[in-house]
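Encoded as structure tokens, the structure appears first; notes follow it.
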Amino acid sequence: MNDATRVVRAGLPRAKNGEPFLSGPVFAAPYHLAGAPADSPFTYGRFHNPTWTQYEAALSELEGGPCVLFPSGMAASAAVFGTVLRPGQRVVMPEESYYTTRLIAQQYFGAMGVEVVTARTVGNALEEKLPGATLLWLESPTNPGLDVCDIQRLANAAHAAGVLVAVDNTTPTALCQKPLALGADFSLASDTKAMTGHADVLMGHVATRDVALADKIRLWRTQMGNIPGPMEAWLAHRSLGTLHVRLERQCASALKIAQFFAAHDKVSNVRYPGLPSDPSHEVARKQMLWFGPVISFELRDQAAVERFFAAATLVHEATSFGGIHTSAERRARWGADAVSEGFVRFSVGVEDVNDLVADLHHALSHA
């Protein structure tokens with residue numbers, strides 16, 4: 001079965017006359033529970049919920065391994081760190097990976113005695129830091145710089161050194177890139193972004209190749225109480241059905257818009273892995289099906305970006321990415337990433353690409 005079909009059908013219950021295709025969310029704390037707890041599929045709302053189970057089953061089909069759902073992408077990331085790392089152990093991660101991921105690694109787990117070693121994504125810097133590590137944390141493409149690493153090569157090197165590998169796969173999703181198939185032990189994502197795609201749900205998940213690792217992640221969720229709501233899980237599962245048609249449109253449009261930006265005299269440092277001229281293109285081409293909906297570029301300064309946003313009518317100025325509405329933000333306003341004042345992270349929606357290009361042409365004339 002192709003992924004285009006899988007995302008529509010994944011996790012659906014067996015068809016029964018008079019029943020909906022996807023049953024509504026189950027709101028429950030306790031369940032009827034007579035006798036031994038092991039005899040019941042559901043016991044208590046912090047342990048499990050049938051609505052989570054259906055969406056996790058769908059994600060497992062797409063990821064290629066057992067999956068555990070979380071209420072946000074950061075909750076998923078924290079679960080991997082908390083499950084794998086202990087004081088005195090070492091994690092290696094990109095120095096330009098998502099800021100909050102670096103924050104919890106350095107300020108929380110680092111304060112507990114975990115050694116955090118960072119290196120650039122490009123080149124072999126991460127591979128050179130592997131000796132003595134417990135976990136290699138990858139993000140590809142990185143957010144917001146869109147650098148790409150060779151996941152399979154790094155996973156092979158890590159495993160040869162006895163190191164587990166986790167990949168933050170938020171930007172491409174499991175539709176565009178499959179980290180578990182490339183050798184990663186964990187594939188995780190913020191489903192808040194393109195996976196759900198409608199800017200109305202916070203959600204995250206961790207998928208693994210190993211049932212035992214999945215059990216540890218699930219135990220972390222249960223004991224920490226870091227559980228998703230059933231309504232959010234149901235909305236996420238509903239949204240998954242349109243993932244392929246959304247991303248197919250977004251990625252095709254993103255390439256055209258990246259080409260437009262690359263040719264414009266007011267735009268510099270355009271990054272999009274789908275551009276043949278992009279420094280990450282060759283690596284991305286061999287491990288990604290599509291190249292995602294996110295582009296980065298630079299305008300002259302903060303004022304130029306603000307004029308650009310003020311003149312654009314089809315670009316929402318907002319954080320996050322991957323939704324059906326085209327959005328963008330000047331990342332330097334957060335003060336968290338090593339980017340210029342004119343750096344823009346741009347997320348392509350599902351609007352008509354010709355309308356978008358016309359709007360961007362108009363907006364850049366004011367920048």
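The values are calculated or read from the model by the stated rules, or taken from the named source; none is laboratory data. Nothing here was measured: the structure is a model prediction, and the numbers come from that model. Don't worry about glycine lacking a Cβ; one is built from the backbone with ideal geometry, like all the others, and counts go over all protein chains shown.
Within segment 47-65, count every residue that is touching a helix residue (DSSP H, G or I) at 6+ places or on another chain (Cβ under 6 Å), within 16 Å of Thr222 (Cβ to Cβ) and surrounded by fewer than 21 Cβ atoms within 10 Å (Cβ to Cβ).
Residues that pass the stated criteria total 1.
Do you know which of the residues in segment 1-47 that are aromatic (Phe, Trp, Tyr) and in a loop (DSSP other than H, G, I, E, B) is farthest from Arg249 (Cα to Cα)? Quick ask: steps written out before the conclusion?
Start the filter on segment 1-47 by keeping residues that are aromatic (Phe, Trp, Tyr), which leaves 21, 27, 31, 42, 44, 47.
Checking which are in a loop (DSSP other than H, G, I, E, B) leaves us with 21, 27, 31, 42, 47.
Values: Phe21: 25, Phe27: 35, Tyr31: 42, Phe42: 39, Phe47: 38 Å.
The residue in question is Tyr31.
Confirm whether Ser320 is at positive phi and either surrounded by fewer than 18 Cβ atoms within 10 Å (Cβ to Cβ) or assigned to a strand (DSSP E or B) (or both). It would help to see each step written out before you state the result.
Values: at positive phi: yes; either surrounded by fewer than 18 Cβ atoms within 10 Å (Cβ to Cβ) or assigned to a strand (DSSP E or B) (or both): yes.
Here the answer is yes, as Ser320 does meet what is asked.
Sort through Val68, Val80 and tell me the only one that's surrounded by 19 or more Cβ atoms within 10 Å (Cβ to Cβ), farther than 23 Å from Leu154 by Cα and among the aliphatic types (A, V, I, L, M).
Values: Val80 fails: farther than 23 Å from Leu154 by Cα.
Within the list Val68, Val80, the selection yields Val68.
Across segment 91-100, what is the number of residues that are within 13 Å of Ser77 (Cα to Cα) and surrounded by fewer than 21 Cβ atoms within 10 Å (Cβ to Cβ)?
Going through segment 91-100 one residue at a time, the tally reaches 2.
Just checking, how many residues over segment 323-361 are of a type in the set (A, V, I, L, M, F, W, C) and either without any contact (Cβ under 8 Å) to a residue 60 or more places away in the chain or assigned to a loop (DSSP other than H, G, I, E, B) (or both)?
First, the residues of segment 323-361 that are of a type in the set (A, V, I, L, M, F, W, C): 324, 328, 332, 334, 336, 338-339, 343-344, 346, 348, 350, 353, 356-358, 360.
Within this subset, residues satisfying the condition of being either without any contact (Cβ under 8 Å) to a residue 60 or more places away in the chain or assigned to a loop (DSSP other than H, G, I, E, B) (or both) are 324, 328, 332, 336, 338-339, 344, 348, 350, 358.
Qualifying residue count for the region: 10.
Being assigned to a loop (DSSP other than H, G, I, E, B) and under 20 Å from the mean Cα position of the chain (by Cα) is the filter here; which residues of segment 82-113 pass it?
The initial filter retains those residues of segment 82-113 that are assigned to a loop (DSSP other than H, G, I, E, B), namely 85-89, 95-98, 110-113.
Scanning segment 82-113 gives Glu95, Glu96, Ser97, Tyr98.
Restricted to segment 164-203, and to residues that are in contact (Cβ under 8 Å) with a residue 60 or more places away in the chain and over 24 Å from Ala4 (Cβ atoms), which residue is farthest from the chain's Cα centre (by Cα)?
Filtering segment 164-203 for residues that are in contact (Cβ under 8 Å) with a residue 60 or more places away in the chain and over 24 Å from Ala4 (Cβ atoms), the one farthest from the chain's Cα centre (by Cα) comes out as Leu164.
For segment 263-297, enumerate the residues that are outside any loop (DSSP other than H, G, I, E, B), among the charged types (D, E, K, R) and surrounded by fewer than 21 Cβ atoms within 10 Å (Cβ to Cβ).
Here is the first cut: in segment 263-297, the residues outside any loop (DSSP other than H, G, I, E, B) are 263, 268-271, 281-287, 294-297.
Adding the requirement that they be among the charged types (D, E, K, R) leaves 271, 282, 285-286.
Scanning segment 263-297 gives Glu282, Arg285, Lys286.
Can Thr43 be described as exposed (fewer than 12 other Cβ atoms within 10 Å of the Cβ) and β-branched (Val, Ile, Thr)? Can you show your working first?
On the way: exposed (fewer than 12 other Cβ atoms within 10 Å of the Cβ): no; β-branched (Val, Ile, Thr): yes.
No; evaluated as a whole, the condition is false for this residue.
Any chance segment 304-314 includes a residue that's within 27 Å of Val201 (Cβ to Cβ), assigned to a loop (DSSP other than H, G, I, E, B), of a type in the set (Phe, Trp, Tyr) and not assigned by TED's automatic domain parsing to the domain that holds Glu63? Don't jump to the end; show me each part of the working.
Kept after step one, since they are within 27 Å of Val201 (Cβ to Cβ), are these residues of segment 304-314: 309, 312-314.
Still in the running and assigned to a loop (DSSP other than H, G, I, E, B): 312-314.
In the following step, the residues that additionally are of a type in the set (Phe, Trp, Tyr) were identified as none.
Within segment 304-314, not a single residue is within 27 Å of Val201 (Cβ to Cβ), assigned to a loop (DSSP other than H, G, I, E, B), of a type in the set (Phe, Trp, Tyr) and not assigned by TED's automatic domain parsing to the domain that holds Glu63.
When you check Ala78 against the structure, is it out of contact with any helix residue (DSSP H, G or I) (no Cβ under 8 Å at 6 or more places or on another chain), under 27 Å from Ala194 (Cβ atoms), outside any loop (DSSP other than H, G, I, E, B) and modelled with pLDDT of 95 or more, yes or no?
On the way: out of contact with any helix residue (DSSP H, G or I) (no Cβ under 8 Å at 6 or more places or on another chain): no; under 27 Å from Ala194 (Cβ atoms): yes; outside any loop (DSSP other than H, G, I, E, B): yes; modelled with pLDDT of 95 or more: yes.
When the stated conditions are applied, Ala78 does not pass them.
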